[in-house]
Amino acid sequence: QLCERAITPNSDFQVAALLEVAGGTALMPGVNIECSNWQLGLCAERMAISRALSMGYTRKDFGHLYVVAPKSDYVSPCGACRQVINEHLPGQRIYLYENEEKCLSVTIKDLLPYHFGGDILVKQPE
Ligand code: THU
């Protein structure tokens, strides 16, 4: 149902993401939103994370992330989403759905080994 809200004039490939917030008592939805300028499209995963952050939730509120794309065998987050997931969902499980019954359960450690992260950016003394 959430996929029906995706706006996909370019790809016709709908993706929906649901991020658990508030101890799993609520789900933050995200869908992919494409634009006439193809470069400006937004992915479902980053949409869900950004919405949750802008509503005041923080990393400690985040639970599992569920992702589904009905037109593919299973969906796997793009590189940009992996980087953002690494920043905000470092240990949470990510469920990549193949269909309603079957999914792959991974963490960002599986999807983005040898990552670059903010922890590497040590602030220099002034
Ligand atoms: N897309 C997502 O929203 N999430 C993914 O994990 C993979 C790809 C979107 C981006 C674009 O709107 C469409 O799917 C085709 O790449």
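The values are calculated or read from the model by the stated rules, or taken from the named source; none is laboratory data. It should be emphasised that the depicted structure is a prediction, and the values quoted were computed from it without experimental measurement. Because the Cβ atoms are built from the backbone with ideal geometry, glycine has one as well, and the counts that use them run over all protein chains shown. Just the protein is used for accessible areas: all its heavy atoms, side chains included, with ligands, DNA and RNA removed. Shrake-Rupley method; radii C 1.70, N 1.55, O 1.52, S 1.80 Å.
Give the number of residues within the stretch 1-30 that are surrounded by 13 or more Cβ atoms within 10 Å (Cβ to Cβ) and under 30 Å from Lys60 (Cβ atoms).
Within the stretch 1-30, residues that are surrounded by 13 or more Cβ atoms within 10 Å (Cβ to Cβ) and under 30 Å from Lys60 (Cβ atoms) number 17.
State the number of residues belonging to the stretch 31-73 that are near the ligand (Cβ under 8 Å from one of its atoms), free of Cβ contacts under 8 Å to residues at least 60 places away in the same chain and open to solvent by less than 60 Å² (accessible area, probe 1.4 Å).
Final tally of qualifying residues: 10.
If Tyr95 meets every condition in (1) closer than 23 Å to Arg5 by Cα; (2) modelled with pLDDT of 95 or more; (3) open to solvent by less than 30 Å² (accessible area, probe 1.4 Å) apart from one, which number is that one?
(3)
Among what's in the stretch 60-109 and is within 13 Å of Leu19 (Cα to Cα) and basic (Lys, Arg), pick the residue that is nearest to the chain's Cα centre (by Cα).
Arg93
Only one of these is on the phi > 0 side of the Ramachandran plot and either in contact with a Lys or Arg (Cβ under 7 Å, 6 or more places away or on another chain) or not in a strand (DSSP E or B) (or both): Gly91, Gly56, Gly30. Name it.
Only one candidate qualifies: Gly56.
Only one residue in Ala6, Ala16 is under 23 Å from Asp110 (Cβ atoms) and either in contact (Cβ under 8 Å) with a residue 24 or more places away in the chain or within 10 Å of the ligand (Cβ to nearest atom) (or both), so which one is that?
One residue alone meets the criteria, Ala16.
Out of all the residues in the stretch 14-22, is one or more polar (S, T, N, Q) and at pLDDT 95 or above?
Looking through the stretch 14-22, at least one residue is polar (S, T, N, Q) and at pLDDT 95 or above.
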